[in-house]
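Trainee: Starting off with a structure, shown below.
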Amino acid sequence: MKTFSATPADIDKKWILIDAEGVVLGRLASIIAMRLRGKHKATFTPHMDMGDNVIVINADKIQLTGNKRDKPNYWHTGHPGGIKSRTTGQILDGAHPERVVMQAVKRMLPGNRLSRVQMTNLRVYAGTDHGHEAQNPEVLDVKAMNSKNTRS
């Protein structure tokens, strides 16, 4: 029996809608990363973009555990003395709360050219409005997935 290797004709991409309200960021990011890579499919091939298109709404209402709202995020402007920082809470309360989800998912994907292509299949919105109704996305209930995996 030969090992199956998918070709572009074998790839079937779906659209998935995830509501991030009240979901822990790390659990959400791991589910999204798995869907973007296509690891939930039986025909997963590591060198192909087999993942689904994922739409995340209510990114401003994600839940962070512990003191992660106070964790600083650093970046450098490229100029001498140009190190800057903002806390995760400031980013969530600011103008672009979707960047927190995007960065968490990006860091859970491998750092290669294929993951940069897979990140283009992710759309994150701060509110409930998104412009992808024409794609008829399937709703993925992440809260139910997390509730049966956690111990009570």
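The values are calculated or read from the model by the stated rules, or taken from the named source; none is laboratory data. Computed from a predicted model, the values in this text were never measured in an experiment. All Cβ positions, glycine included, derive from the backbone under ideal geometry; neighbour counts span all protein chains shown.
Trainee: Tally up the residues in segment 9-49 that are of a type in the set (Gly, Ala, Ser) and surrounded by fewer than 21 Cβ atoms within 10 Å (Cβ to Cβ), please.
Mentor: The qualifying residues number 5.
Trainee: Kindly evaluate ILE11 against the criterion of being hydrophobic (A, V, I, L, M, F, W, C), over 19 Å from VAL105 (Cα atoms) and within 21 Å of the chain's Cα centre (by Cα).
Mentor: Taking the combined requirement at face value, the residue satisfies it.
Trainee: For the list (1) part of a strand (DSSP E or B); (2) over 16 Å from the mean Cα position of the chain (by Cα), I need the number of the one condition that ILE18 fails.
Mentor: Failed condition: (2).
Trainee: Moving on. Hey, among VAL139, VAL117, VAL101, which residue is closer than 15 Å to GLY26 by Cα, among the β-branched types (Val, Ile, Thr) and out of contact with any Pro (no Cβ under 6 Å at 6 or more places or on another chain)?
Mentor: VAL101
Trainee: So in segment 36-51, with the set limited to residues that are in contact with a Gly (Cβ under 7 Å, 6 or more places away or on another chain) and touching a residue at least 60 places away in the same chain (Cβ under 8 Å), which one is farthest from MET108 (Cα to Cα)?
Mentor: GLY51
Trainee: If you scan segment 50-77, which residues turn out to be surrounded by fewer than 16 Cβ atoms within 10 Å (Cβ to Cβ) and in a loop (DSSP other than H, G, I, E, B)?
Mentor: THR65, GLY66, ASN67, LYS71, THR77
For (1) part of a strand (DSSP E or B); (2) modelled with pLDDT of 95 or more, each residue gets a yes or a no:
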residue: SER85; (1), (2): yes, yes
residue: VAL101; (1), (2): no, yes
residue: ALA104; (1), (2): no, yes
residue: ARG107; (1), (2): no, yes
residue: THR128; (1), (2): no, yes
residue: MET145; (1), (2): no, no
residue: LYS148; (1), (2): no, no
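Trainee: Name the pairs whose Cβ atoms lie under 6 Å apart, with the first residue in segment 5-27 and at positive phi, the second surrounded by fewer than 16 Cβ atoms within 10 Å (Cβ to Cβ) and part of a strand (DSSP E or B), and 6 or more positions between them or separate chains?
Mentor: GLY22/GLN63
Trainee: Right, here's the next one. For GLU133, all conditions in the list (1) touching a Lys or Arg at 6+ places or on another chain (Cβ under 9 Å); (2) of a type in the set (Asp, Glu); (3) free of Cβ contacts under 8 Å to residues at least 40 places away in the same chain hold save one; what is the number of the exception?
Mentor: (1)
Trainee: Further question on the same structure: Checking HIS47 against (1) part of a loop (DSSP other than H, G, I, E, B); (2) over 26 Å from GLY131 (Cβ atoms); (3) within 18 Å of the chain's Cα centre (by Cα), only one condition comes out false. Which one?
Mentor: (3)
Trainee: Can you name the residue in segment 89-113 that is over 15 Å from VAL124 (Cβ atoms) and not charged (D, E, K, R) and, of all such residues, is surrounded by the most Cβ atoms within 10 Å (Cβ to Cβ)?
Mentor: In this case the residue turns out to be GLY89.
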